[in-house]
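Remarks on the structure that follows.
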Amino acid sequence: MSNLIEAKGVTLRYGRNKTAVDDVSFTLPKGRVVGLLGHNGAGKTTLMKALVGLKATEGELTVLGRSPVAERSQLLTELSYIPDVAVLPRWARAHELITLMSGLQPKFSAERARQLLRRTSVGLNDKVKSLSKGMVVQLHLALIAAIDAKLMILDEPTLGLDVISRKGFYEMLIDEWCDGERSVLISTHQVEEIEALLTDVLMMDEGKLVLNLSLEAMESRFVALSHDPEAAEEVARAHPLLRYRSMGGKPAALFDGAPPPHLESMGQRFRPSLVDLFVALTRKPELAPRA
Ligand SMILES: Nc1ncnc2c1ncn2[C@@H]1O[C@H](COP(=O)(O)OP(=O)(O)OP(=O)(O)O)[C@@H](O)[C@H]1O
């Protein structure tokens, strides 16, 4: 199996009228850390539900070579998944959850879970209800990272956590789970802090996949140009994807491809951030003023 996920023309609807995911195609190979980015309502959670067989799709979808809906119970023993809320039973102690997982998940290693927990401030005897939100998420990650899987799917794993807890979560994920063979798909709005971890990005907007690119390819494809305010009109005429202010407040423009040669001499190229690209590709048009 060369790709862990293969999606071709995947469409997901709620009822007759709502198309939450619209004709999405992508592949996810081994050894990648992929960010699934999109605003609220872009379709990220719906797509992830389809990947774990919770929602039937139109189009073709295989995850770990399986059909997620038809082979759901088998698939769930082969991947690691955290849905968007940390759903651990409040009454349970950490060691009880480890015992529970050992019974449910053939690929789960209790020893590995205990080892991962030692990285966190969660004790084996701690009850979920006594833990902070950040600690619950750390415990959840320790439990699912102890599954010997090829693919981890995380839906907004750090929602509601403070910056230190978010950093701790991602450090543990990268240090303890990613090994160059396994892949992770992470949905988030927190584009800034995840950029450095990612190898690839999938960007969704209103159900459509608007970008599917490796970070390396992003660097060579998109170019930002900072320029003097006097050049603003000339730059606007070249129809950049986005005009904004770069660091230091200097006007800047983001181009898909190289800017026209006459503009290059008016400004200075720099590497656009993923956030800038996210804004450029998913920005809503300005609201028309009321008549
Ligand atoms: N159960 C449902 N019934 C009807 N519409 C739904 C349902 N769940 C989601 N939707 C709609 O589908 C679209 C995609 O929602 P989804 O939850 O997948 O987005 P998301 O990108 O995960 O958003 P968020 O970042 O806010 O979690 C939205 O317009 C949402 O209102």
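Report the chymotrypsin sites (Phe, Trp or Tyr not before Pro) located in segment 64-166 that are in a DSSP loop and have at most 10 other Cβ atoms inside 10 Å of their Cβ, or state none.
Those satisfying the criteria are Trp91.
The ranking of Ser273, Ser187, Ser130, Ser73 from fewest to most other beta carbons within 10 Å of each one's beta carbon is Ser73, Ser130, Ser273, Ser187.
With the Cα gyration tensor of segment 112-165 giving a ≥ b ≥ c as the square roots of its eigenvalues, does the rule (a/c under 1.5 for rounded; else a/b larger than b/c for prolate; else oblate) give rounded, prolate or oblate?
oblate
Enter the Cα centre distance for the pair segment 141-199 and segment 1-42, rounded to the nearest angstrom. For segment 141-199 versus segment 1-42, the Cα centre distance is 18 Å. Counting neighbouring beta carbons within 10 Å and listing from fewest to most, the residues Val275, Val122, Val52 come out as Val275, Val52, Val122.
Is the shape of segment 1-49 best called rounded, prolate or oblate, per the rule: a/c under 1.5 gives rounded, else a/b larger than b/c gives prolate, else oblate, with a ≥ b ≥ c the square roots of the Cα gyration tensor eigenvalues? It comes out oblate by the Cα gyration axes. Fewest-first ordering of Phe169, Phe270 by other beta carbons within 10 Å of each residue's beta carbon gives Phe270, Phe169. Of all the options Asp175, Asp23, Asp276, the one that moves most in a Gaussian network model of the chain with Cα springs shorter than 10 angstrom is Asp175.
What stretch of the chain, leaving out the sites themselves, is the longest with no GluC sites (Glu not before Pro) in a DSSP loop having at most 13 other Cβ atoms within 10 Å? Between exposed loop sites, the widest span is 1-180.
From Cα pairs below 8 angstrom and at least 6 apart in sequence, can you work out the relative contact order of segment 218-282, rounded to a whole percent?
Relative CO of segment 218-282 lands at 45 percent.
Checking the cross-link pairs Lys127/Lys167; Lys127/Lys208; Lys30/Lys127; Lys55/Lys133; Lys129/Lys208; Lys133/Lys250 against a 31 Å limit on the alpha carbon distance flags Lys127/Lys208; Lys30/Lys127; Lys129/Lys208; Lys133/Lys250 as lying beyond it. Taking square-rooted eigenvalues a ≥ b ≥ c of the alpha carbon gyration tensor, is the chain rounded, prolate or oblate, where a/c under 1.5 means rounded and, failing that, a/b exceeding b/c means prolate? Since a/c reaches 1.5 and a/b is larger than b/c, the shape of the chain is classed as prolate. Once C-alpha pairs closer than 8 Å and six or more residues apart are averaged by separation and normalised to the residue number of segment 150-192, the relative contact order reads 67 percent. With contacts taken as Cα pairs under 8 Å at a separation of at least 6 residues, the chain carries a relative contact order of 20 percent. Take every DSSP beta bridge whose two residues both sit in the chain; close to 65 percent of them are antiparallel.
Bear in mind that the values in this text are calculations on the coordinates, not laboratory data. Because the structure is predicted, anything quoted here is derived from the model rather than measured. Positions of Cβ are backbone-derived with ideal geometry, glycine not excepted, and every protein chain shown enters the neighbour counts.
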